[in-house]
Every structure is written in structure tokens, then in C-alpha cells.
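Visitor: If you scroll down you'll find the structure; I have some questions about it.
Each value in this text was obtained by applying a stated rule to the coordinates, not by laboratory testing. Here the structure is a predicted model, which means the values were calculated and not measured. A quick note on method: Cβ atoms are made from the backbone with ideal geometry, for glycine too, and the neighbour counts reach across all protein chains shown.
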Amino acid sequence: MDNTSEQPWTETSDTPYDYYEGDFDIALSKAKPCRPIVVEKFARIFVPVLYSFVLLLGILGNALVILILGRYKRARRTITDTFILHLAIADLLLVFTLPFWAVEAVSGWIFGHVMCKLIGAIFALNLYSSILFLVCISFDRYLAIVHAIHMYKRRKPVYIHATCLLVWVFCLLLALVDLIYREEYNSTYLNSTVCTYIFHPESANTWKLTLRISHHIVGFFGPMVAMLYCYCMIFKTLCHAQMFERQKTLKVVIAIVVVFVVCWLPYNAVLFVDTLESLGAIPTCCSMLNILDISRTITQALGLVHSCLNPLLYAFIGVRFRHEMSRVLLDVGCLKKNLATNRRPGKSKWASSVISESETSTSHSTIW
């Protein structure tokens, strides 16, 4: 029986969210020597180096945030702290998957069928949840500042925990695609095993387009629009605050939006062009295919760097986090006692790490 027409459709790359059109070995043989020879040589060096850097900083930064927040009693943990804690957990779990993709870039997928599904799902779960928790933090700040009088007292702890649970469940549903469709694939052209999506040929194009659209909407454009709206309204509200407070806060507001856009816009732009190319909407050549592949590898690594910057943007810039961090360093003997205690009394108050939640109901004071 001839099974040629039933060959599985695969998507594979050196990073877990880049895609190829059509059956992988057939596509490569037709494009020879376009793909993926140049990309493969580049990725074997670039991916392990960059991912090792992200892994190191991501573990140090996010683990410290979790450690500091773990010292807080639940009654003293603010709403923003709860979202920051979940954000740090998501970022930490995300960077733990990077060594697997780095090894795949060098030696192919060597971890087995089950780990292929599991690591792919963990990556997707925490990638989306990390981005959505940024939106939760933005919306929380929007309510606390813009609607301080009317909305602030309505935000009960049970609603906050329910929101976090909803985010995790929604992202888990998105990650089910990886649990179901990720497989080990032995590429005869690459002479290597990869961890990739495998779809039936009849539904391949539909799945490809669906995955791309969902990634663009949930992973970038939707969160960006929500964050821009929240921070534009915050910006407008803070224009009525005192000059000193406004300058401090607006700098961080701008930094939050700029860092998110700078980290993720290049990858989504390259992914959009790649989608147009794979659907035949734009003409292609060997050089363009190689540029697209290398660009996806670079820009996705840049996007993953965002998981290292989150602790800096949402935690360490706060007065309380700096105070608590000095206490942690003092406890482990990395900081002298006279340096840790040489602080103004007002600096150790338990205010929000981003906006003082005890003050937002009556004013727009900030301690960024």
C-alpha cells in the first residue's frame, strides 16, 4: 500500500516555537542547499551561549524574587506581590526548559518521546503565563491608580487567587497542543532527531495558521494593547501628581512598555514575515530563507531575555524589595550588618513594590 500521501506534516527548528512548511525532509530536499545548513551551523553556537546566559540570570533573579516574597506573611503580601510571585514562578520554570533546547541545537533531541511532549508543554505554559501575568500587573496598577477611589476596595484576595488560577488554566489549555502533537522526528536529511509538531497533512495548514494567530494574539499583540491602554491611563492620571513622584513613576511605566516591546516585537515581526512566506504570499529565495531562519533564532532568544528583566522591572526597583534583599544577603553573610542597617526608617515600610497600596486609595503616591 502506498503511504506517500499520508506522510506526517512536521514543524521543527533549533528553538521550540519556529516553524517550517510541509514535510520537513521533503521541504529541505527541494530547498537544498537553502535550509537549514546555514542556520544549523549558526544555531549550534548562538543558541547554547545565549540560552546559558538567560538560564543563569533567570534563575538568580527569579529565585531571589520568590525567596523574598516567601518571607512575607500572606496577610502582608499585596495584590501586586501575588502577581509578581506567579510571574517569577512562570519565568523560572520557563528558563529551566532552555538547556533542553540548547542541547537539541547541538546534538539533536536526545531526551526521548515523553520529555519532548513534557518540555514543549512546560515551555508553552510558562511562556504564555509569564506574558499574561504582566497584563495582570498592569491592570492591577490601572485599578489602583486610575480607579483608586471606586475600585480599589473591591479587589478581594479570593478574586486575585481566582485570577491567577484562571491564567494558569487558560495557558495549560494552550499547552495541550504540545502535549498532543509534539513528537520525536528522525530527520534523514539532517541525520538528527528533533522535537517537533507532527500533524496530519490534511489539517497541517489549518494548524499552522491557527498556531501562528494564537501566538500573535495571546503572546504579543493582545497583551501589548492591554498594557498600552493601562499605562496610558496611568500616565494621564499621574500627570496630576506631584512632579517628583510623577518623574519617578513615569520612568518605570515607560520602561515596562519599552522593554516588553523591544524584546518581543522583533520575533513577532519575523514570525509574521515567515508566515507570509510559507503561505506563498511573498516571493522567496535561498538567501531570504536563511535570513528568516537565523532571524527567528536571534529574535526568539531576545524575547526569552525578557524573563531575566522581569525581576528588575517589577521587584528590585521597589523600596521594599531592596530592603528585603539586603536582609537576605545579611542572613547569608554576603552583606555587612552596618551596611544593611544604615537606612532611613521610612525606607523599610511595607508598601507595594510598585505602587504603595496603602496610599493609592487616597492619593497617587509611588515608591517605584
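Visitor: What does the extension gain come out to for residue 239 and residue 217, with contour length at 0.36 nm per residue minus their alpha carbon separation?
Guide: Here the segment from residue 239 to residue 217 would lengthen by 4.8 nm.
Visitor: Shifting gears a bit: Could you compute the FRET efficiency for residue 60 and residue 158, with r as their C-beta to C-beta distance and R0 at 30 Å, rounded to 0.05? Numbers along the way, then the final one.
Guide: Details: r = 33 Å, r/R0 = 1.10.
For residue 60 and residue 158, the calculated efficiency is 0.35.
Visitor: How big is the range 257-301 on each of its three principal axes, counting only the C-alpha atoms and giving the largest first in Å?
Guide: Principal-axis extents of the range 257-301 (Cα, largest first): 34, 18, 9 Å.
Visitor: Sort 47-60, 118-131 by packing, meaning the average of other beta carbons within 10 Å per residue, with the highest value first.
Guide: 118-131, 47-60
Visitor: Can you pull the one-decimal nm distance between simple spin-label points at residue 329 and residue 251, each 7 Å off the Cα toward Cβ?
Guide: 1.9
Visitor: Please give the direction-averaged projected area of the C-alpha convex hull for the range 122-239, in square nanometres with one decimal.
Guide: Orientation-averaged projected area of the Cα hull: 9.8 nm².
Visitor: Give, in nm to one decimal, the length gained when the segment between residue 228 and residue 170 is fully stretched (0.36 nm per residue of separation minus the Cα-Cα distance).
Guide: Working: separation 58, 0.36 × 58 = 20.88 nm, distance 2.22 nm.
Between residue 228 and residue 170, full extension yields 18.7 nm more.
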